[in-house]
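Read-outs: derived from the displayed coordinates by stated rules, not from any lab. Keep in mind that this is a model prediction, so the values were computed, not measured. When we count neighbours, we look across all protein chains shown, and the Cβ atoms used for this are built from the backbone with ideal geometry, even at glycine.
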């Protein structure tokens, strides 16, 4: 398997932007209500992926750029959009373990 196919793009959020993002997302019920709960789950997911041999690219999702990206593509700001956004941003991300 090529190294680039071993990179997993993980959407990542900043503490101060998390409440704004939850309001932006069309599916906030899929995410923890608090940043601390989200961060704990995200770090656990990241650790599991790394143990499985994947390099993890933390892809920061910011409210305004993500909203613009969704609008340009006429997509709902949901989980599928977050993952697509992260994968597009990670295409040229250097592999790191």
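Return a whole-number percent for the relative contact order of the chain, with Cα pairs under 8 Å and 6 or more residues apart as the contact set.
Contact order relative to length: 45 percent.
If you line up the long axis of helix 35-51 against the longest principal axis of the chain, both from Cα atoms, how many degrees apart are they, to the nearest 10?
Between helix and principal axis, roughly 20 degrees.
Based on the alpha-carbon gyration tensor of segment 3-90 and its eigenvalue square roots a ≥ b ≥ c, which shape applies: rounded if a/c is under 1.5, prolate if not and a/b is larger than b/c, or oblate?
Taking the square roots of the gyration eigenvalues as a ≥ b ≥ c, segment 3-90 is oblate.
With angles folded into 0 to 90 degrees, how steeply does helix 79-90 sit against the dominant principal axis of the chain? Use alpha carbons for both and round to 10.
For 79-90 against the chain, the angle is about 50 degrees.
Report the Cα centroid-to-centroid distance between segment 73-87 and segment 1-72 in angstrom, as an integer.
Cα centroid of segment 73-87 versus Cα centroid of segment 1-72: 11 Å apart.
How far, in nm, would the chain grow between residue 76 and residue 23 when pulled straight, counting 0.36 nm per residue and subtracting the alpha carbon separation?
Gain on stretching residue 76 to residue 23: 17.8 nm.
Taking the 0 to 90 degree range and rounding to the nearest ten, how far is the long axis of helix 63-73 tilted relative to the main principal axis of the chain, both from C-alpha atoms?
Around 90 degrees separate the two axes.
Per-residue ellipticity at 222 nm for the chain, helices alone: DSSP H runs ≥ 4 residues times -39500 (n - 2.57), over residue total, nearest 500 deg cm²/dmol?
About -15000 deg cm²/dmol.
By its C-alpha gyration tensor, with a ≥ b ≥ c as the square roots of the eigenvalues, how is segment 27-69 shaped: rounded for a/c under 1.5, else prolate for a/b larger than b/c, else oblate?
Cα axes put segment 27-69 in the oblate bin.
Beta carbons within 10 angstrom, averaged per residue: use that to sort the peptides 25-34, 10-19, highest first.
10-19, 25-34
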